[in-house]
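Just below is one structure, and these are the notes that go with it.
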Amino acid sequence: MAMAAATEQVGERLAEQHDASTYIQHHLTFFARPVGDTDAGFWTIHYDTVITSLILGVLVLGFIWLVVRKATAGVPSKPQAFVELTIGFVNDQVRSMFHHDYRIVAPIALTVGLWVLFMNLMDLLPADIMAWIYSHVFHLHAWRSVPTADVNTTFALSLSVLGLMIFYNIKNKGLGGWLHELYASPFGIRPFWAAPLLIAFNVLFNLIEYVSKPLSHSLRLFGNMYAGEIMFLLIALLASSGYVGMVGGAVAQVAWVIFDGFIAILQAYIFMMLTVAYIAMAHEQH
Amino acid sequence: MDINLTLLMQAVIFGLLIWACAKYIWPALMRAVEKRQQQIADGLAAGEEGRHSLANAEKRIAEMMAEAKGRAQEIVAQGEKLKTETIEQSKSLAKTEGDRLLAAAKAEIEQEVYRAKETLRGQVAQLAVAGAEQILKREVDASAHADLLAAIEKQL
C-alpha cells in the first residue's frame, strides 16, 4: 500500500517534471523551416528570429527616419529632441573612443545599439501571453520573441563586426601592413635568432584574439538574453505550483522584469561599445 | 545552439540596416544639428560683437565728454578774459573822457579868468583916467591922449 503510494508520488513528480520540461521546451523551440527539400542541417532558417528582428529594425530606424526627415535646425519638436538625445549619446560615446573618421562608425554604433536594445527588450514581453497571441492570432505554435536569444543573431552581428575589423585593418594598414602586424605584434621579431619562436607566438596570440573577440562578443549577449528568457519560464513554473507559488512567482516576475530590463539595456550598451572599440582598434597602428 | 542559414540572413539584415542608417538617417540629422550649432555660434559671435561695439561707444562717449568739458572751460576762460579786457577798456575810456572834460573845464576857467582880467583892466584904466582927470582937474582930451591911455592900459 505504502509502496504503491510512493510509486504514485514518484510517477506524479515525473509527470510534473515532464510537464515542466515540455513547457520550457515549447517556449524555446524556433520556428525553423528548411530551405528547399534538403533535410534540415545548415540550410534551415529560423523565421521567428529573422522576421522579428527585421520588423524591429525597420520600426526603430523607420521611426528615427520619420523624425529626422522633418528635422529642423530651429527649436526641435519633442520626438526630434528625443532622437537627438539618443543619437547625441551614441555620438559622444563614439567620439570618446574613436579618434578617426567617425562618420561611418557612428551610424554603425547607432544601428547596433538601438537594434540590439529593442531585440533585447522583446524579452520583457510576457512569454505566455505572447505564446497565446502567436498561436491563436497568427497560428504559429512555435515562435520565439527574442532574436538576441538566438546564437545566429549574435554571431551574425559579431562576425559582421569581425569582418569590419578586418576590412578597416586592411584599409588603414594595407594588406601587407596587416599581415605584418599579425606575425610581428605584440612580441616583435627581434632578436633575430628568436624570430621563428616569436613569430609562432605572435601568430598564435593574434589568432586567439581574432577568435575570442567575436566569440565573447556574441556569447555574452546571447548568454544574458537566453538566461533571462529561461528565468521568466522558471518563474512562470513556480507561479503554477499552487497559491504560495503564485504569489511568490508574481513578486519574482516583477522583480525579474525590472532586473532583466536593466540587463537588456546594459547588454545593448556593452555590445555597442565593444563594436566601436573593436573597430577603433582596427584603426590603431602598432 | 544550432548555427544555420539564419546567421547569414541576420548578417544581411544587419548590413541593410547599417546602410539605411548611414545613408538616410545620420546625414540628415547631423545636417540639422550642425546647422543649429552654426546658428548658435553665429548668435554668440553677434552678441560678442554687440558687447564690443557697446564698449567702443562708451569709450567714444567718454572721449566726447572730456572734449566738451575742455571746450567749455576754454570758453569760460575766454569769457573771463573778455570781461576783464572790456572792463579795463571802459575804465581807460572813462578816464580819458574825464581828463578831456577836466582839461576843457580848466581851459574855460582860464578863459573866464582872462576875460575878467581884461574887463578889470579896462575898468581900472577908466578908473585911473577918471582919477587922473580929477587930479589934474581938467578936461583931458581923450583923443589927444589916447596913446598915453593905451600905454597905461597895457601896463596894467
Okay, helix-only estimate at 222 nm for the protein assembly as shown: each DSSP H run of n ≥ 4 adds -39500 (n - 2.57), divide by all residues, round to 500 deg cm²/dmol; what do you get? -29000 deg cm²/dmol
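So for the range A:47-283, averaging the separation of alpha carbon pairs under 8 Å that are six or more residues apart and normalising by length, what relative contact order in percent results?
29 percent
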Describe numerically, in nm with one decimal, the distance between label points set 7 Å from Cα along Cα→Cβ at A:Val75 and at B:Tyr24. 3.0 nm
As a footprinting exposure proxy, order A:Ser185, A:Ser158, A:Ser145, A:Ser53 by other Cβ within 10 Å, with the fewest listed first. A:Ser185, A:Ser145, A:Ser158, A:Ser53
Exposure-ranked with fewest Cβ neighbours within 10 Å first, A:His217, A:His136, A:His283, A:His46 stand as A:His136, A:His283, A:His217, A:His46
I need the phi-derived Karplus couplings for the range A:224-233: 6.51 cos²θ - 1.76 cosθ + 1.60, θ = phi - 60°, integer Hz, Gly and Pro marked x. 4, 6, 5, 4, x, 4, 4, 4, 4, 5
Residue order, fewest to most surrounding Cβ atoms within 10 angstrom, among A:Ile279, A:Ile263: A:Ile263, A:Ile279
Dipole magnitude of the protein assembly as shown about its Cα centre (Cβ charges: Lys, Arg +1; Asp, Glu -1), debye to nearest 20: 760 debye
Any idea what % of Cα-Cα pairs in chain A are farther than 30 Å? 48 percent
What aspartates and glutamates could a cross-link reach from B:Lys83, if we take a straight Cα to Cα line under 16 Å and drop same-chain neighbours fewer than 8 places away? B:Glu74
Which Rg and Dmax, in Å, describe the Cα atoms of the range B:9-155? 57.9, 186
What distance in nm lies between label points placed 7 Å from Cα along the C-beta direction at B:Ala105 and A:Leu179? 13.7 nm
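Every number in this text was worked out from the coordinates using simple rules, so none of it is lab data. All values derive from a computational prediction rather than experimental measurement. For neighbour counting, all protein chains shown are included, and Cβ atoms are generated from backbone atoms with ideal geometry for every residue, glycine included.
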